[in-house]
Amino acid sequence: MALAKVEEFTSTDTWLADVAKALSHPARIRILKILTDIDSCMVGNIVDQLPLAQATVSQHLKELKRVGLIKGEIDGPKVCYCINNQTLQKAKRELDKLFSQVCNC
């Protein structure tokens, strides 16, 4: 079995691939849009706007938080999520750089 040889890639390329993987589900894209429309949001509010169970939404939130695209803060018994603008801007810069290198668009 072949090894991935992740160490052969730059840390930026590895990070960007991880972000792209986190963005590869339509529910996660929708969650980012929901959080962009409002400043912060409790899990229940996000669940109300998606055709998914609370446990499924929580798993998607966990993945977005893992790569740093969102932040979650405990507010009593609930978790309040918001966009991590710094990481999102970094991802945008790196994706823009990638697309400008691989196509003439």
**Prompt:** How many residues does region 68-86 contain that are under 17 Å from residue 29 (Cβ atoms) and crowded, with 17+ Cβ neighbours inside 10 Å?
**Reply:** 6
**Prompt:** Is it the case that residue 91 is among the small types (Gly, Ala, Ser) and surrounded by fewer than 17 Cβ atoms within 10 Å (Cβ to Cβ)?
**Reply:** no
**Prompt:** Filtering region 32-50 down to residues that are surrounded by 12 or more Cβ atoms within 10 Å (Cβ to Cβ) and touching a residue at least 40 places away in the same chain (Cβ under 8 Å), which residue is farthest from residue 84 (Cα to Cα)?
**Reply:** 41
**Request:** Would you tally the residues in region 58-85 being over 19 Å from residue 14 (Cβ atoms) and either charged (D, E, K, R) or in contact with a Gly (Cβ under 9 Å, 6 or more places away or on another chain) (or both)?
**Result:** 10
**In region 68-105, the residues that are in contact (Cβ under 8 Å) with a residue 60 or more places away in the chain and among the small types (Gly, Ala, Ser)** = 91
**Request:** Considering only region 10-31, state which residues are over 17 Å from the mean Cα position of the chain (by Cα) and either open to solvent by 90 Å² or more (accessible area, probe 1.4 Å) or touching a residue at least 60 places away in the same chain (Cβ under 8 Å) (or both).
**Result:** 11
**Fill in**
Given (1) touching a residue at least 60 places away in the same chain (Cβ under 8 Å); (2) open to solvent by 100 Å² or more (accessible area, probe 1.4 Å), residue 7 misses just (1)
**Request:** Tell me which residues, restricted to region 51-67, are without any contact (Cβ under 8 Å) to a residue 24 or more places away in the chain, in contact with a helix residue (DSSP H, G or I) (Cβ under 6 Å, 6 or more places away or on another chain) and open to solvent by less than 60 Å² (accessible area, probe 1.4 Å).
**Result:** none
**Request:** Could you tell me whether any residue of region 28-40 is among the aliphatic types (A, V, I, L, M) and in contact with a His (Cβ under 8 Å, 6 or more places away or on another chain)?
**Result:** yes
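The values are calculated or read from the model by the stated rules, or taken from the named source; none is laboratory data. Since the structure is predicted, the reported quantities are computational estimates derived from the model, not experimental observations. Note that each Cβ is placed from the backbone with ideal geometry, even for glycine, and that neighbours are counted across all protein chains shown. All accessible areas refer to the heavy atoms of the entire protein, side chains included, with ligands and DNA or RNA removed. Shrake-Rupley method; radii C 1.70, N 1.55, O 1.52, S 1.80 Å.
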